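Engineer: Below: one structure in structure tokens.
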Amino acid sequence: MTARMPLMAANWKMHFTADEAVALVKELNKGITRFDGREVVVAPPFTALAGVASALASSPIKLAAQNCHWESQGAYTGEISPSMLRHVGCDCVIVGHSERRQYFGETDESVNRKIVALVEVDLGCIFCIGETLEERQAEKTLEVLAKQLIGGLEGLGEEQAGKLVLAYEPVWAIGTGHTASPEQAQEAHAFIRDNLVKRFDNAVANQIRILYGGSVKPDNVDELMAQPDIDGALVGGASLKADSFIRIVDFEG
Ligand code: PEP
């Protein structure tokens, strides 16, 4: 199997002023001692991107935005384009987070447009998918994941797909303290991997990293990261404090 570099990503959501975000990233930069064999990404709010980008100038920590529009410019009040994010120093963008699907009307189609736009300007993308509690209880998890994958990856070729990172985030586990068990997460990740293998060239499908997200904490990260198809974590709540995110980055496995 192709070795995939683990990726630990902090999603700060709508937390922190620009100054607070810079202070936190400086603590991370100082506190993370283990950058070998893992990649670290932070996703502050838009208003903190420029400040965090300069604080990270000579750091291995990479910068992500939490959302973008698919157009490069135009009359889209309140929106931010991929090229603007690139210009401010972003390496990648989180797309299709369940909070955006749930509260801001994001659909598989809009997610797909964003992914295509990001690939076009050579920005990385963390593409989130995941089922709700009702869907899991109705045993529709795999069906939902398959549909989100088909919609989100529409029209992408091998070369474009190879640049993506996926994040499996069961909606019922996000911000709830109810983490998927390592077995539940592994089952979903293996299904996603299989789906990618059916769709893309084997080598491409096997190089795409699949992160797990949903109440990842210092005390459950090791067992999650021990699963063969879990290639990293997308962390919300536990990334808001330097010591807990530093411990998550420092996972064993
Ligand atoms: C997230 O926002 O992507 C997330 C997984 O949040 P939390 O870790 O708080 O569940």
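The values are calculated or read from the model by the stated rules, or taken from the named source; none is laboratory data. Small disclaimer: the values here were computed from a predicted structure and weren't measured. Here Cβ is always computed from backbone atoms with ideal geometry, including for glycine, and neighbour counts include all displayed protein chains. Just so you know, the surface numbers come from the protein's heavy atoms only, side chains and all, with ligands and any DNA or RNA stripped out. Shrake-Rupley method; radii C 1.70, N 1.55, O 1.52, S 1.80 Å.
Engineer: Please list the radius of gyration and Dmax for the range 7-50, considering alpha-carbon atoms only, with Å as the unit.
Structural biologist: Considering the range 7-50 through its Cα atoms, Rg and Dmax are 10.9, 31 Å.
Engineer: Need the list of aspartates and glutamates near Lys147 for cross-linking: C-alpha distance under 13 angstrom, and skip anything on the same chain fewer than eight residues off.
Structural biologist: Of all the aspartates and glutamates, those that pass the test against Lys147 - Cα under 13 Å, at least 8 places apart if same chain - are Asp108, Glu109, Glu131, Glu135.
Engineer: Which shape class, rounded, prolate or oblate, goes with the range 105-253 when its Cα gyration tensor gives a ≥ b ≥ c as root eigenvalues, a/c under 1.5 marks rounded, and past that a/b bigger than b/c marks prolate?
Structural biologist: Values: a/c = 1.58, a/b = 1.37, b/c = 1.15.
It comes out prolate by the Cα gyration axes.
Engineer: Rounded if a/c is under 1.5, else prolate if a/b is larger than b/c, else oblate: which is the range 25-66, with a ≥ b ≥ c the root eigenvalues of its Cα gyration tensor?
Structural biologist: On the way: a/c = 2.26, a/b = 1.65, b/c = 1.37.
The shape class here is prolate.
Engineer: May I ask what percent, to the nearest 5, of DSSP beta bridges between residues of the chain are antiparallel?
Structural biologist: On the way: 0 of 28 bridges.
That works out to approximately 0 percent antiparallel.
Engineer: Turning to a different aspect of this structure: Counting other Cβ atoms within 10 Å of each Cβ, which trypsin sites (Lys or Arg not before Pro) in the range 147-253 have at most 14 and sit in a DSSP loop? Before the final figure, lay out the partial values.
Structural biologist: Values: sites: Lys147, Lys163, Arg193, Lys198, Arg199, Arg209, Lys241, Arg247; in loops: Lys163, Lys241.
Filter output for the range 147-253: Lys241.
Engineer: Now a separate question. Using 0.36 nm times the number of residues separating Glu187 and Glu154, minus their current alpha carbon distance, what extension gain do you get? Intermediate results must be reported in sequence, preceding the final value.
Structural biologist: Details: separation 33, 0.36 × 33 = 11.88 nm, distance 2.36 nm.
The Glu187-Glu154 span can extend by a further 9.5 nm.
Engineer: How big is the C-alpha Rg of the chain next to the rule-of-thumb value 2.2 N^0.38 Å, as a ratio? Intermediate results must be reported in sequence, preceding the final value.
Structural biologist: Numbers: Rg = 16.9 Å, N = 253, 2.2 N^0.38 = 18.0 Å.
Taking N as the residue count of the chain, the ratio is 0.94.
Engineer: Given 0.36 nm per residue, what is the gain on full extension from Tyr76 to Arg199 after removing their alpha carbon distance, in nm?
Structural biologist: Gain on stretching Tyr76 to Arg199: 40.9 nm.
Engineer: Taking a 31 Å limit on the Cα-Cα distance, which of the listed pairs Lys62/Lys217; Lys30/Lys114; Lys30/Lys198 fall beyond it?
Structural biologist: Details: Lys62/Lys217 21 Å; Lys30/Lys114 33 Å; Lys30/Lys198 42 Å.
Pairs exceeding the cut-off: Lys30/Lys114; Lys30/Lys198.
Engineer: Place a point 7 Å from Cα of Glu134 in the direction of its Cβ. Which residues in the range 145-179 have their backbone N less than 15 Å from it?
Structural biologist: Only 171-172 fall inside the zone, counting backbone N under 15 Å.
Engineer: Over the Cα atoms, compute the radius of gyration (one decimal) and Dmax (the largest Cα-Cα distance, rounded to a whole number) for the range 83-169, in Å.
Structural biologist: That works out to 13.4, 44 Å for Rg and Dmax.
Engineer: Using Cα-Cα distances under 8 Å and only pairs 6 or more residues apart, what relative contact order does the chain have, in percent?
Structural biologist: Numbers: 481 pairs, mean separation 53.8, N = 253.
Computed over the chain, the figure is 21 percent.
Engineer: Still on this structure: What FRET efficiency, computed as 1/(1 + (r/R0)^6) with R0 = 25 Å and r the Cβ-Cβ distance, is obtained for Thr33 and Thr176, rounded to the nearest 0.05? Write out the running numbers ahead of the final one.
Structural biologist: Numbers: r = 31 Å, r/R0 = 1.23.
The formula returns an efficiency of 0.20 here.
Engineer: Right, another one. On average, how much accessible surface per residue is there in the chain, in Å², for a 1.4 Å probe, leaving out ligands, DNA and RNA? Mind dumping the intermediate values first?
Structural biologist: Details: 11450 Å² over 253 residues.
Value for the chain: 45 Å² per residue.
Engineer: First compute the accessible area of the chain with a 1.4 Å probe, then give the percent of it belonging to carbon and sulfur atoms.
Structural biologist: Details: 5900 of 11450 Å².
Ligands and nucleic acids excluded, carbon and sulfur give 51 percent.
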